[in-house]
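J.: Take a look at this one; I'll ask things after.
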Amino acid sequence: AQTVTQSQPEMSVQEAETVTLSCTYDTSESDYYLFWYKQPPSRQMILVIRQEAYKQQNATENRFSVNFQKAAKSFSLKISDSQLGDAAMYFCAYRSRDTGNQFYFGTGTSLTVIP
Amino acid sequence: DAGITQSPRHKVTETGTPVTLRCHQTENHRYMYWYRQDPGHGLRLIHYSYGVKDTDKGEVSDGYSVSRSKTEDFLLTLESATSSQTSVYFCAISGYTANTGELFFGEGSRLTVL
């Protein structure tokens with residue numbers, strides 16, 4: 001089974017600053033999806049950004065971008081111009097494109113945004 | 001938003017009693033999943049389904065069973081609840097398309113076993 005590791009249980013950032021959340025994964029597959037999900041206090045899981053492994057270009061969604069290093073099996077999330085509403089738990093997730101039926105999640109990073 | 005409804009949203013029960021959580025989707029997606037979320041563990045897969053009557057175990061399936069008699073419904077049953085099953089349970093769905101591939105989540109069900 002694939003493993004996903006988030007080595008930072010907690011992070012904090014000043015409002016308007018930039019923060020990077022780390023994620024590494026272990027796989028022998030060549031084609032897969034990677035995701036970042038956000039879970040605010042409401043508990044709802046919200047997709048932040050998606051990356052397909054065969055695409056070399058890093059995905060971006062407004063203030064959110066990723067640094068995808070396939071050889072290093074690294075998938076970090078950068079949040080620019082941090083806002084109070086970004087405070088949440090963030091989960092990194094992996095999905096095989098071949099089998100397509102299982103997702104693997106990291107243990108999460110709790111992000112605090114300081115006014 | 002994906003049409004996923006979980007019920008009940010909150011439940012308190014006693015050790016040894018059976019509990020069934022229901023997940024209902026209106027998206028006609030093939031894959032359905034049950035996860036539990038606990039502090040320090042992230043989301044862990046309990047069971048998943050890849051079609052009607054087609055299910056398989058996840059990494060924490062002991063003490064849980066599932067059934068899927070219709071595309072839209074996926075039931076999670078705790079035959080005899082234990083305090084270690086106190087958790088937040090999430091249902092999720094996924095289509096298998098090249099354009100998306102992501103999971104869509106329900107709002108979660110908080111279960112407390114006393």
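The values are calculated or read from the model by the stated rules, or taken from the named source; none is laboratory data. Quick caveat, the model's predicted, so the values are computed rather than measured. Methodologically, a virtual Cβ is constructed for each residue, glycine included, from the backbone with ideal geometry; neighbour enumeration extends over all protein chains shown.
J.: Could you say which residue among A:L84, A:L21 is buried (at least 19 other Cβ atoms within 10 Å of the Cβ) and away from every other protein chain (no Cβ under 12 Å)?
T.: The conditions single out A:L21.
J.: Using the structure shown, decide if A:T20 is out of contact with any helix residue (DSSP H, G or I) (no Cβ under 8 Å at 6 or more places or on another chain), hydroxyl-bearing (S, T, Y) and under 25 Å from A:I114 (Cβ atoms).
T.: So A:T20 passes the test.
J.: Looking at B:S80, is it away from every other protein chain (no Cβ under 12 Å), out of contact with any helix residue (DSSP H, G or I) (no Cβ under 6 Å at 6 or more places or on another chain), surrounded by fewer than 21 Cβ atoms within 10 Å (Cβ to Cβ) and farther than 27 Å from A:M89 by Cβ?
T.: The answer is yes for B:S80.
J.: Check B:E27 against each of (1) in a strand (DSSP E or B); (2) within 23 Å of A:I46 (Cα to Cα); (3) charged (D, E, K, R) and name the one condition it does not meet.
T.: Result: B:E27 passes all but (1).
J.: Quick check on segment B:42-58. Is at least one of its residues within 28 Å of A:E52 (Cβ to Cβ) and exposed (fewer than 13 other Cβ atoms within 10 Å of the Cβ)?
T.: yes
J.: Another question, then. Can you give me the number of residues within segment B:28-41 that are surrounded by 15 or more Cβ atoms within 10 Å (Cβ to Cβ) and among the charged types (D, E, K, R)?
T.: Counting residues in segment B:28-41 that are surrounded by 15 or more Cβ atoms within 10 Å (Cβ to Cβ) and among the charged types (D, E, K, R) gives 2.
J.: From the list A:Y54, A:Y37, A:Y90, A:Y94, which residue is over 30 Å from B:Q6 (Cβ atoms) and either surrounded by 21 or more Cβ atoms within 10 Å (Cβ to Cβ) or within 12 Å of chain B (Cβ to nearest Cβ) (or both)?
T.: A:Y54
J.: Related question: Filter segment A:47-80 for residues that are in contact (Cβ under 8 Å) with a residue 40 or more places away in the chain and part of a strand (DSSP E or B) and give the result.
T.: Selection gives A:V48, A:E52, A:N67, A:S74, A:F75, A:S76, A:L77, A:K78, A:I79.
J.: Answer with yes or no whether B:Y89 is of a type in the set (S, T, Y) and within 10 Å of chain A (Cβ to nearest Cβ).
T.: Against the criterion (of a type in the set (S, T, Y) and within 10 Å of chain A (Cβ to nearest Cβ)), B:Y89 does not qualify.
J.: I'd like the residue in segment A:81-98 that is among the aliphatic types (A, V, I, L, M) and outside any loop (DSSP other than H, G, I, E, B) and, out of all such residues, is farthest from A:S7 (Cα to Cα).
T.: It comes out as A:L84.
J.: Modelled with pLDDT under 95 and not β-branched (V, I, T): which single residue out of A:E61, A:E17, A:E10 fits that description?
T.: It is A:E61.
J.: Return the total of residues in segment B:43-65 being more than 14 Å from every other protein chain (Cβ to nearest Cβ), of a type outside the set (S, T, N, Q) and in a strand (DSSP E or B).
T.: 1
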